[in-house]
1. Quick one: what does P(r) look like for the stretch 41-210 with 10 Å bins over all Cα pairs, in whole %?
2. With all protein chains present, how much of the accessible area of the stretch 41-210 (probe radius 1.4 Å) comes from carbon and sulfur, to the nearest whole percent?
3. How big is the charge dipole of the stretch 84-127 about its Cα centre, in debye rounded to the nearest 20, if each Lys and Arg gets +1 on its Cβ and each Asp and Glu gets -1 on its Cβ?
4. May I ask you to give the solvent-accessible area per residue for the stretch 1-123, in square angstrom, as obtained with a 1.4 angstrom probe?
5. Suppose every Lys and Arg Cβ carries +1 and every Asp and Glu Cβ carries -1, with no other charges. What dipole size does the stretch 41-210 come out with about its Cα centre, to the nearest 20 debye?
6. Tell me which of Q62, S121, A183 sits at the most positive position along the dipole axis of the stretch 41-210, charges placed on C-beta atoms (Lys, Arg +1; Asp, Glu -1).
Amino acid sequence: MALIGWPTLLIHPQCPLCHQAWSGPSFCPSCRDQLKLNQPRPQGTQPIPWRALGLYDANWRQLILRLRQRASPKVIRVLASECLALLPKPRSAIQLCAIPPRPGHQPGPPQWIQREISRQSRMRAQPLLHRRRACLGQHHLSGSQRRQNLQGVFSVEPLQHPSAKVMLLDDVVTTGATSQAAAEALQAAGYGVVGVLCLAHTSSLFDATMT
Ligand SMILES: [Zn+2]
């Protein structure tokens, strides 16, 4: 009987992004470098306070597009733990709220990452927001047109934990009009809103400050 050699039985640990040999808990150093995960995180205050894991450059764009096509549990695990590290403390005072998908769309990265953060930290993660109606595609709209387009789009679950402040979660933030509309709907229902945490922000044109 032929023996199966040890090497064929071992699963070699890989970086979940580039699949090079790597056994650490995150992405490999080269992928972390390309995503600028070792650098200060971009943040700003307009139109609501925001923090991002990175700016939406070619590398982040590729990662997010790939993730939207296929949920990779290992990638989601790393991104969730990176997001978790950016949340204000104490985390028990924060309630996460992923921006819901458009009507007719399946849950995507914001929902997957919210679920994984909740698993890693036991943070509250009930769906607080729902899309009441479809809005137009926003790519061609200016900031003020986007705000108009989003009026009345979100409905909100009744307030259950008045002390908890909501942190919105999204994959890509562009003008922030969607986050702002979500924050306004939550505030109108009595929720406090801390801001929005996103994987990538498209621009530093607003008031992005590197701190
Ligand atoms: Zn890698």
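1. Each 10 Å bin holds this share of Cα pairs: 10, 41, 40, 9, 0.
2. Carbon plus sulfur share of accessible area: 51 percent.
3. Once rounded to the nearest 20, the dipole reads 140 debye.
4. 60 Å²
5. 460 debye
6. Selected residue: S121.
The values are calculated or read from the model by the stated rules, or taken from the named source; none is laboratory data. Here the structure is a predicted model, which means the values were calculated and not measured. For neighbour counting, all protein chains shown are included, and Cβ atoms are generated from backbone atoms with ideal geometry for every residue, glycine included. We work out accessible area using only protein heavy atoms, side chains counted, and drop any ligands, DNA or RNA first. Shrake-Rupley method; radii C 1.70, N 1.55, O 1.52, S 1.80 Å.
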